[in-house]
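Rule-based calculations on the coordinates, nothing more; no lab input. Keep in mind the model is a prediction, meaning the values are calculated, not measured. Note that each Cβ is placed from the backbone with ideal geometry, even for glycine, and that neighbours are counted across all protein chains shown.
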Amino acid sequence: MKSLFETETQQIILSRIQNLNETLQPNWGKMDVAQMLTHCQKPLEVANGTLQLNTKIGFAKKLMLKLFKSAMYNDKPWQKNLGTVREFRIIDTQEFLSQKEKLIHVINQFSQLKEKTSWPTHPLFGDFTTEQWGKMQYKHLDHHLTQFGV
């Protein structure tokens, strides 16, 4: 699995983002392209420590999520139309260019953390290693860029 901590992979992701435009329609899902750009910032902000989720889940659900934890960063693509936490749902109108610029900025911030050893605990899946964070962030971005055909 590729990682957003790999310089070449980061550059490919940034290039794919540059290929987005306001008129692109999703191959699946409900978000438009500007909403997707905003959505993609949120997991990076959690990893960067600038967004804290207030997601409370019960013991049984937490146990179930641990069974799926490796799916966040393994080589198997994510299913289309997966659910997401409330804080990552973007339903209001977003401004395309500003959200595109912000996503690029947040990616660049995250990519500089490849030497980091202490990460925030993910509110649903628990702790991830640096390697897992890099793979998970790549996988999320790849999933949504594929959603919009870039």
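At a glance:
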{"quantity": "R0 of 30 Å, Cβ-Cβ distance Ser98-Leu124: FRET efficiency to nearest 0.05", "calculated": "0.60"}
{"quantity": "Potential lengthening between Glu8 and Lys80 on full extension [0.36 nm per residue; Cα-Cα distance subtracted]", "calculated": "23.3 nm"}
{"quantity": "Under 13 Å from Lys102, Cα to Cα: aspartates and glutamates that are on another chain or at least 8 residues apart", "calculated": "Glu45"}
{"quantity": "Residue-averaged 222 nm ellipticity for the chain, from DSSP H runs of 4+ at -39500 (n - 2.57), nearest 500", "calculated": "-15500 deg cm²/dmol"}
{"quantity": "Gaussian network model of the chain, Cα within-10 Å springs - most flexible of Gln109, Gln41, Gln99", "calculated": "Gln109"}
{"quantity": "Cross-link pairs beyond the 25 Å C-alpha cut-off, checked among Lys114/Lys139; Lys62/Lys135; Lys42/Lys114; Lys56/Lys114; Lys80/Lys114", "calculated": "Lys56/Lys114; Lys80/Lys114"}
{"quantity": "Order of Lys56, Lys42 - criterion: other Cβ atoms within 10 Å of each residue's Cβ, fewest first", "calculated": "Lys56, Lys42"}
{"quantity": "Sequence of Trp133, Trp119 once ranked by neighbouring C-beta atoms within 10 Å, starting from the fewest", "calculated": "Trp119, Trp133"}
{"quantity": "Rg followed by Dmax, in Å, when the stretch 1-114 is reduced to its Cα trace", "calculated": "15.1, 43"}
{"quantity": "Residues whose placed amide H lies under 5 Å from that of His122, excluding near-sequence neighbours", "calculated": "Asp127, Phe128"}
{"quantity": "Positive-end residue of Pro120, Met36, Leu20, charge dipole of the chain with Cβ unit charges", "calculated": "Pro120"}
{"quantity": "Given charges at beta-carbon only (K, R positive; D, E negative), |dipole| of the stretch 43-125 in Debye", "calculated": "460 debye"}
{"quantity": "Within the stretch 38-115, GluC sites (Glu not before Pro) in DSSP loop having at most 13 other beta-carbon neighbours inside 10 Å", "calculated": "Glu95, Glu115"}
{"quantity": "Spacing of the two label points (7 Å from each Cα toward its C-beta) at Gln109 and Leu63, in nm", "calculated": "3.7 nm"}
